[in-house]
Amino acid sequence: MIVHNRPTPGNKIRWRADFVCPNHYPHNPKKVMWYTLGMKRTYIIIAICIIILGGLWYFKKGKTQITNSTTGTYRNARVGVGFTYPKILSVNTTDDVVTLHHDIPYLNTGACDMMGDTKTYERLTDFNVTIRIIQKNLTDTVRTLSPYIPQENFINDELVASPGFIETFKIGKLSGFAIYEGAEGCGQTTYYFSVGATETLVVNQASIQALSTAIVKEARDKVLAVPGVISPSKSESIFNDILKSLSIQ
């Protein structure tokens, strides 16, 4: 209830605000001080919450932008494949073969010193993968691209695994075989995946001798010290991510 002083001549009515709402507007100075401090704390807490939420939103937005700017998407209906890849790799298509490549500035004598090449190169390849689809079933594709495989590795006209030579390989939606073709860190691993009655996905992953355990650690560490080099572990991670994202167009 509102209570006011009795008016006197020449004076206006003076309203007693402390009786209007004694809990919110206390007449006691100490209560006024504590009330004011409480309100300030409330405002400070609200401001901190707004700053934190705003920071989380900005970080999430920034993270998404970074991901989009460093990842590319490849789709080619003529080749018949699509996948995502890090943009540190170059991607080229020649004769329906997709090549993903990366190299670094490092003087070397070639991808494989067993070849006896005396020529020097200013750049060293640290990642190279090719992808293509062969219009044959898996067995015929293997016999065409890997003719050295003996007949005993085919049973009922189908390729069978041979530990240490022909390994079964599954990743993502792909299931097939992996065959290492090389020695002493040279060569490549060829992956065969059946993607249709008469279609086989073939992926070749180059072995990088300069980064393999076939090379002494001191020499290998020199290559790994080059800025931007793709290490063996990172290379394997990139390769697996590409295969996991791969789809047949």
Give me the pairs: first residue in the stretch 83-94 and in contact (Cβ under 8 Å) with a residue 24 or more places away in the chain and assigned to a strand (DSSP E or B), second residue aromatic (F, W, Y) and surrounded by 13 or more Cβ atoms within 10 Å (Cβ to Cβ), beta-carbon distance under 9 Å, and six or more apart or on different chains, which are they? F83/Y74; T84/Y74; Y85/Y74
Please determine whether any residue of the stretch 106-119 is without any contact (Cβ under 8 Å) to a residue 24 or more places away in the chain, of a type in the set (A, V, I, L, M, F, W, C) and in contact with a strand residue (DSSP E or B) (Cβ under 9 Å, 6 or more places away or on another chain). yes
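Output yes when any residue across the stretch 236-249 is without any contact (Cβ under 8 Å) to a residue 12 or more places away in the chain and in the same structural domain as L138 (by TED's automatic domain parsing), and no when none is.
Of the stretch 236-249, the ones without any contact (Cβ under 8 Å) to a residue 12 or more places away in the chain are 236-237.
Next, only the ones that are in the same structural domain as L138 (by TED's automatic domain parsing) stay: 236-237.
Checked against the condition, which is being without any contact (Cβ under 8 Å) to a residue 12 or more places away in the chain and in the same structural domain as L138 (by TED's automatic domain parsing), the stretch 236-249 yields at least one hit.
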Looking only at the stretch 141-159, count every residue that is surrounded by fewer than 16 Cβ atoms within 10 Å (Cβ to Cβ) and either of a type in the set (V, I, T) or in contact (Cβ under 8 Å) with a residue 60 or more places away in the chain (or both) and tell me the total. 2
Would you point out the residue of the stretch 189-233, among those that are in contact with a Phe, Trp or Tyr (Cβ under 9 Å, 6 or more places away or on another chain) and surrounded by fewer than 16 Cβ atoms within 10 Å (Cβ to Cβ), that is farthest from D126 (Cα to Cα)? K222
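Condition check: among the acidic types (D, E) and within 26 Å of the chain's Cα centre (by Cα). Does D221 satisfy that?
Numbers: among the acidic types (D, E): yes; within 26 Å of the chain's Cα centre (by Cα): yes.
Here the answer is yes, as D221 does meet what is asked.
Counting only residues that are of a type in the set (S, T, N, Q) and more than 18 Å from S194 (Cα to Cα), how many does the stretch 103-154 have?
From the stretch 103-154, those of a type in the set (S, T, N, Q) are 108-109, 118, 120, 125, 128, 130, 135, 137, 139, 141, 144, 146, 151, 153; that's our starting set.
With more than 18 Å from S194 (Cα to Cα) added as a condition, the list becomes 108-109, 118, 120, 125, 128, 151.
So the count comes out to 7.
The values are calculated or read from the model by the stated rules, or taken from the named source; none is laboratory data. Source: prediction; values computed, not measured. Don't worry about glycine lacking a Cβ; one is built from the backbone with ideal geometry, like all the others, and counts go over all protein chains shown.
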